[in-house]
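The values are calculated or read from the model by the stated rules, or taken from the named source; none is laboratory data. It should be emphasised that the depicted structure is a prediction, and the values quoted were computed from it without experimental measurement. Positions of Cβ are generated from backbone atoms using ideal geometry, with glycine treated the same way; all protein chains shown enter the neighbour counts.
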Amino acid sequence: MNFGVHENISPAQLKLKYPSGTPLMTREFVSGIQGPSADLRVKVKAVCQPSWDAGLTPMVSFKTDPVATGNGKNDNQIRALGEYLLGKPRTLVIWYHEPEDNMSGATFKKAFNRVQGLMNAIPVGYSAMGYQWRPSSTTTRDPRAWQVEADFLCADVYSGRSFPETAILPEHSGFKRWHQEIVVPQPETFWGLSERGWDRGSDSVRAAQIARECEWLKGSSAAFWIYWNTPGTEGADTLVNGPLATTALKKVIAPPKLKICPTCGGSGTVPV
């Protein structure tokens, strides 16, 4: 699987800090609702070019007005973006991340499916808000309203706020319900975590949960896992890792070192 980190350093610095056996993923955002006259090619290039230059794979979000998009008023700019990205390194696109906070499932489905159909061969994904998939949520009461024609599925999931800080994915009620209602009905669609973070709690507890969750991920069908390590728009410094959690994150991302196998006559390698 692929790992990624969203942190307040450049992609080139990220690559040095978190060496990985596969291209590291980054999480990028075009801020604000983009009107029909906005050139999405320029906006997306501005946030993705540093990742492309570093040989990393960006997952980039952009937003357009949901009703206007569903009615075709943004078709030209979205189609142009898809054509532009065909000539660029691999990029994953999210249209309107965490839509559950801003619109109904019906509105989202109409607009999302239109965007996905206009983007040529560029993978377009649905990034859900884990909190809105908790069992008591009225927003997602009918999960069928949120089942869209996505090329990939992902969710933003946090522990330590409304969910216990020790809750790794199989113990997180928001993630579990989202996975059951959205991922399981679409077994051919690859999925992962577009934001995975911990808030509050001790550095040692967080480090232990990162290690425990990534051990669970080895046996899952997840394709990617992007860690959130910035205060974000909320300015929450408690989202940022301490030294123990940083070490734990580096350990799960870094590829195993290899040495000559002592029992196979030098013809193979084994993890150190």
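In region 156-200, the qualifying residues are those that are among the hydrophobic types (A, V, I, L, M, F, W, C), assigned to a helix (DSSP H, G or I) and in contact with a Gly (Cβ under 7 Å, 6 or more places away or on another chain), and the one that is farthest from residue 238 (Cα to Cα) is 178. Residue-level analysis places residue 86 among those that are at pLDDT 95 or above and more than 26 Å from residue 16 (Cβ to Cβ).
Yes/no per residue for (1) more than 26 Å from residue 60 (Cα to Cα); (2) out of contact with any strand residue (DSSP E or B) (no Cβ under 9 Å at 6 or more places or on another chain):
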| residue | (1), (2) |
| --- | --- |
| 141 | yes, yes |
| 175 | no, no |
| 181 | no, yes |
| 184 | no, yes |
| 193 | no, no |
| 196 | no, no |
| 215 | yes, yes |
| 219 | yes, yes |
| 225 | no, no |
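Just need a number here: residues in region 30-47 that are on the phi < 0 side of the Ramachandran plot, small (Gly, Ala, Ser) and part of a strand (DSSP E or B). Adding up the residues that qualify gives 1. Evaluated against (1) basic (Lys, Arg); (2) surrounded by fewer than 21 Cβ atoms within 10 Å (Cβ to Cβ); (3) not in a loop (DSSP other than H, G, I, E, B), residue 27 falls short on exactly one condition, (2). Could you look through region 127-184, keep only residues that are over 22 Å from residue 6 (Cα atoms) and among the small types (Gly, Ala, Ser), and pick out the one that is surrounded by the most Cβ atoms within 10 Å (Cβ to Cβ)? Out of the qualifying residues, it is 150. Being more than 30 Å from residue 229 (Cα to Cα) and surrounded by fewer than 18 Cβ atoms within 10 Å (Cβ to Cβ) is a description that does not apply to residue 65. Assess whether residue 96 counts as being touching a Pro at 6+ places or on another chain (Cβ under 7 Å) and not polar (S, T, N, Q). Spelling it out, residue 96 is indeed touching a Pro at 6+ places or on another chain (Cβ under 7 Å) and not polar (S, T, N, Q).
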